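Written out below as structure tokens is the structure these notes cover.
The values are calculated or read from the model by the stated rules, or taken from the named source; none is laboratory data. The structure displayed is predicted, hence computed values, not measured ones. Neighbour counts run over all protein chains shown; Cβ positions are idealised from the backbone, glycine included. SASA here: full protein model, heavy atoms, side chains in, ligands and nucleic acids out. Shrake-Rupley method; radii C 1.70, N 1.55, O 1.52, S 1.80 Å.
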Amino acid sequence: MSQGKQKRVVIVGGGFAGLAAAKTLGGAREPGLEVVVVDRRNHHLFQPLLYQVAMAGLSPADIAAPIRGLLSEHRNTRVIQGEVQAVDAQARRLRGDFGELEYDYLVLAAGAMHAYFGNEAWEPYAPGLKTLEQATEIRRRVLTAFEEAEAHPEDSRERKRLLTFVIVGGGPTGVELAGAIAEMSRTTLARDFRNIDPKLTRVLLVEGGPRLLAGFAEPLASRATRDLEALGVQVWTGSMVSGVDARGVTLGAEKIEAATVLWAAGVRAAEFESDVALERDRQNRVHVGADLSVPGHPEIFVAGDLAHAEGPDGKPYPGQAPVAMQQGRYVARAILRELAGEDRGRFEFVDKGQMATIGRSRAIVEVGKLRFGGITAWWTWLLVHIYYLTGFRNRVLVLIQWAWSYLTFNRGARLIVSKSWRSYPEAGATPAPEELPPVREAAQPSKSTRAGCVGA
């Protein structure tokens, strides 16, 4: 713990909550205040547009920026790239692969990863979408499926399997993925292949509940379903997944053969060891008080997807970027108020609404009792996401890229990048067959969802 008047705030996670807290604390004129940001990755990721990278609409650099660069103007802030392994609350100390780090205040904003509800063996066959690595892997699988179908047009059964895409989960991510695949196959790719017709691509969106987008008003969810069906997406509600393997997905007793299965059905908060008992909910989120602190440890705050914070209605706040940003700013201000001898106050969320996009020119927006869809909603969605993108350069590049895609139906990031990092000694030399990376290499399950892996 810091001595004298020097106070150190350690923030775990460089996502929306962590970055908002760091910027607020870094911009404060509190003498003797040191801010340390710890994240497993060196970049902040704008997750709401991650599906655009997975669907070859944007490049990774368009939606990510180095954390150091974003905080470089704050001289009291430093960044450590590393993974937090344990919290010693009694000694106010973190342990990680970077060593030990003492703190006066700790902000845990390590985010969440996708969850398979006890079926982690499905992950190699059905990757989730939370990181850039997962996005580029999904892009590889989707584009490779079309290439393999083009290369083997004589096998009708295998061609049908290759051109079948199943998305599990009817939330915003699942809806956006399904709409993007359907639109890409019927517009962008339709003129690029000779042996197959990409317009015959089969896209299935599977949801275990009674309808899509359970967090939206039912009329908007119904509109989104109709928009998806207009794009050719088959929507299956009330369908529970009972198995996933290399050949496809099983729904109850029915097997759907598909070369590409994508998972968007649930999330689980990051894990870490601690010497204090943290009460967690079914999604592994930590229960916090009205000031977002851990009961019994007012110096430890939890924000973003890692926090189970309840609103006035007794329901937990959703895992959305606006919630995380407001929580991050509140935590920073609460710390500053306490250092100034004032009361922390309590966190109050200002609901700015929610939205989801369903392909080109289709979206739905819900702000309080205001609900609308169509092209107006799509432009609203576009402007909001451009506004919240980090950095002027990112905003300009994404705006140009989207404008080009909209006018030409073209996608400029359709690159299949092998997962193999192996380089060959001689330029132009042909590698031996056993050295060639497999075309359909499956993603490996995550070995850890510890703090510091994904910020929110």
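Please tell me if Ser156 is modelled with pLDDT under 95, of a type in the set (S, T, N, Q) and crowded, with 23+ Cβ neighbours inside 10 Å.
Criteria not met by Ser156.
Would you mind finding the one in Leu177, Leu132 that is open to solvent by less than 40 Å² (accessible area, probe 1.4 Å) and more than 22 Å from Gly209 (Cα to Cα)?
Details: Leu177 fails: more than 22 Å from Gly209 (Cα to Cα).
After ruling out the rest, the residue left standing is Leu132.
Answer with yes or no whether Gly18 is crowded, with 24+ Cβ neighbours inside 10 Å and assigned to a loop (DSSP other than H, G, I, E, B). It would help to see each step written out before you state the result.
Values: crowded, with 24+ Cβ neighbours inside 10 Å: yes; assigned to a loop (DSSP other than H, G, I, E, B): no.
Judged against the criteria, Gly18 is not a match.
Open to solvent by 30 Å² or more (accessible area, probe 1.4 Å) and touching a strand residue (DSSP E or B) at 6+ places or on another chain (Cβ under 6 Å), is that true of His308?
Details: open to solvent by 30 Å² or more (accessible area, probe 1.4 Å): no; touching a strand residue (DSSP E or B) at 6+ places or on another chain (Cβ under 6 Å): yes.
When the stated conditions are applied, His308 does not pass them.
Here are some conditions: (1) part of a loop (DSSP other than H, G, I, E, B); (2) out of contact with any Asp or Glu (no Cβ under 7 Å at 6 or more places or on another chain); (3) not aromatic (Phe, Trp, Tyr). Thr225 meets all but one. Which one does it not meet?
Among (1) part of a loop (DSSP other than H, G, I, E, B); (2) out of contact with any Asp or Glu (no Cβ under 7 Å at 6 or more places or on another chain); (3) not aromatic (Phe, Trp, Tyr), the lone unmet condition for Thr225 is (1).
Please state which one of Arg68, Arg95 is open to solvent by 40 Å² or more (accessible area, probe 1.4 Å), at pLDDT 95 or above and in a helix (DSSP H, G or I). Reasoning before the result, please.
Details: Arg95 fails: in a helix (DSSP H, G or I).
After applying the criteria, what remains is Arg68.
Could you check the range 247-281 and list, in sequence order, the residues that are open to solvent by 30 Å² or more (accessible area, probe 1.4 Å) and within 19 Å of the chain's Cα centre (by Cα)?
Scanning the range 247-281 gives Ala265, Val267, Arg268, Glu271.
Those residues that are polar (S, T, N, Q), touching a residue at least 60 places away in the same chain (Cβ under 8 Å) and more than 30 Å from Arg140 (Cβ to Cβ), I need them from the range 41-95; list them, please.
Result: Gln85, Gln90.
Return only the number of the condition from (1) in contact (Cβ under 8 Å) with a residue 40 or more places away in the chain; (2) in a loop (DSSP other than H, G, I, E, B) that Glu154 does not satisfy.
With (1) in contact (Cβ under 8 Å) with a residue 40 or more places away in the chain; (2) in a loop (DSSP other than H, G, I, E, B) applied to Glu154, the lone miss is (1).
Considering only residues of the range 107-152 that are among the hydroxyl-bearing types (Ser, Thr, Tyr) and in contact with an Asp or Glu (Cβ under 7 Å, 6 or more places away or on another chain), which is farthest from Val84 (Cα to Cα)? Even if it seems obvious, please write down each step before you answer.
Of all residues in the range 107-152, those among the hydroxyl-bearing types (Ser, Thr, Tyr) come to 116, 125, 131, 136, 144.
Adding the requirement that they be in contact with an Asp or Glu (Cβ under 7 Å, 6 or more places away or on another chain) leaves 116, 125.
On the way: Tyr116: 23, Tyr125: 28 Å.
So, considering only residues that are among the hydroxyl-bearing types (Ser, Thr, Tyr) and in contact with an Asp or Glu (Cβ under 7 Å, 6 or more places away or on another chain), the one farthest from Val84 (Cα to Cα) is Tyr125.
Take the residues in the range 282-297 that are open to solvent by less than 30 Å² (accessible area, probe 1.4 Å) and among the polar types (S, T, N, Q); name whichever of them is farthest from Pro127 (Cα to Cα).
Per the criteria, the residue is Ser293.
Tell me which strands (runs of 3 or more DSSP E) are completely within the range 247-289 and hold 3 or more residues being within 30 Å of Phe146 (Cβ to Cβ), or say none if there are none.
Details: elements: 248-251, 254-257, 260-263, 267-269.
In the range 247-289, the matching strands (runs of 3 or more DSSP E) lie at 248-251, 254-257, 260-263.
Go through the range 169-189 and give me each residue that's assigned to a helix (DSSP H, G or I) and under 27 Å from Phe117 (Cα atoms). Please lay out each step first, then the result.
The first filter runs over the range 169-189 and keeps only residues assigned to a helix (DSSP H, G or I), leaving 172-188.
Matches in the range 169-189: Pro172, Thr173, Gly174, Val175, Glu176, Leu177, Ala178, Gly179, Ala180, Ile181.
Would you please list the contacts, defined by Cβ atoms under 7 Å and residues six or more apart or on different chains, that run from a residue in the range 263-278 that is closer than 30 Å to Thr250 by Cα to a residue that is modelled with pLDDT of 90 or more and surrounded by fewer than 17 Cβ atoms within 10 Å (Cβ to Cβ)?
Gly266/Phe117; Val267/Gln283; Arg268/Gln283; Ala269/Gln283
Could you check Arg211 against (1) surrounded by 20 or more Cβ atoms within 10 Å (Cβ to Cβ); (2) in contact with a Ser or Thr (Cβ under 8 Å, 6 or more places away or on another chain) and say which number it fails?
So the condition that Arg211 fails would be (1).
Condition (residue is in contact (Cβ under 8 Å) with a residue 12 or more places away in the chain, buried (at least 19 other Cβ atoms within 10 Å of the Cβ) and assigned to a loop (DSSP other than H, G, I, E, B)) applied to the range 100-108: is it met by at least one residue?
Yes; the residues of the range 100-108 include at least one that is in contact (Cβ under 8 Å) with a residue 12 or more places away in the chain, buried (at least 19 other Cβ atoms within 10 Å of the Cβ) and assigned to a loop (DSSP other than H, G, I, E, B).
Mind checking whether some residue in the range 406-428 is in contact with a strand residue (DSSP E or B) (Cβ under 9 Å, 6 or more places away or on another chain) and at pLDDT 50 or above? Even if it seems obvious, please write down each step before you answer.
Kept after step one, since they are in contact with a strand residue (DSSP E or B) (Cβ under 9 Å, 6 or more places away or on another chain), are these residues of the range 406-428: none.
Looking for residues that are in contact with a strand residue (DSSP E or B) (Cβ under 9 Å, 6 or more places away or on another chain) and at pLDDT 50 or above, one finds none in the range 406-428, hence no.
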